[in-house]
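Rule-based calculations on the coordinates, nothing more; no lab input. Given the structure is predicted, the values throughout are model-derived calculations rather than measurements. Heads up, the Cβs are rebuilt from the backbone with ideal geometry, glycines too, and the neighbour counts pull from every protein chain shown.
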Ligand SMILES: [Zn+2]
Ligand SMILES: [Zn+2]
């Protein structure tokens, strides 16, 4: 039992380190985390990685982002609230430095008599790279 707990903790730490190591603005799908985790610990299983992500989210260490149109949820280090943009052409996900005013959220909650647990804002369209590519004629 103790051994299992110890091993589990190590895996959680490994998964957390992987998410934390990413440059700001990176968003990893569970499959990406798994690929990176295997490089560091060959025997690690996908389920372990997936569970670790869920647990780290519960602990508030990583954030889970679901963006409409994306194939899976994405993970990033927990930080200040921001919106996400997804490019419909290349699938890139970018951070958008914008968050709804907490007072606005409070007012919405009051008006509709609802308890808001989480707010996620997402935008979609075409990223700058795809826009530039479309504008410059292929050579
Ligand atoms: Zn794009
Ligand atoms: Zn983000």
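Key figures
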| quantity | calculated |
| --- | --- |
| Qualifying residue in region 18-28 (condition: in contact (Cβ under 8 Å) with a residue 24 or more places away in the chain and in contact with a helix residue (DSSP H, G or I) (Cβ under 8 Å, 6 or more places away or on another chain)) | yes |
| Residue in region 13-29 that is nearest to the chain's Cα centre (by Cα), counting only those that are surrounded by fewer than 18 Cβ atoms within 10 Å (Cβ to Cβ) and assigned to a helix (DSSP H, G or I) | 20 |
| Enumeration of residues in region 30-51 that are assigned to a helix (DSSP H, G or I) and either exposed (fewer than 13 other Cβ atoms within 10 Å of the Cβ) or out of contact with any helix residue (DSSP H, G or I) (no Cβ under 6 Å at 6 or more places or on another chain) (or both) | 31, 32, 35, 38, 39, 40, 47, 51 |
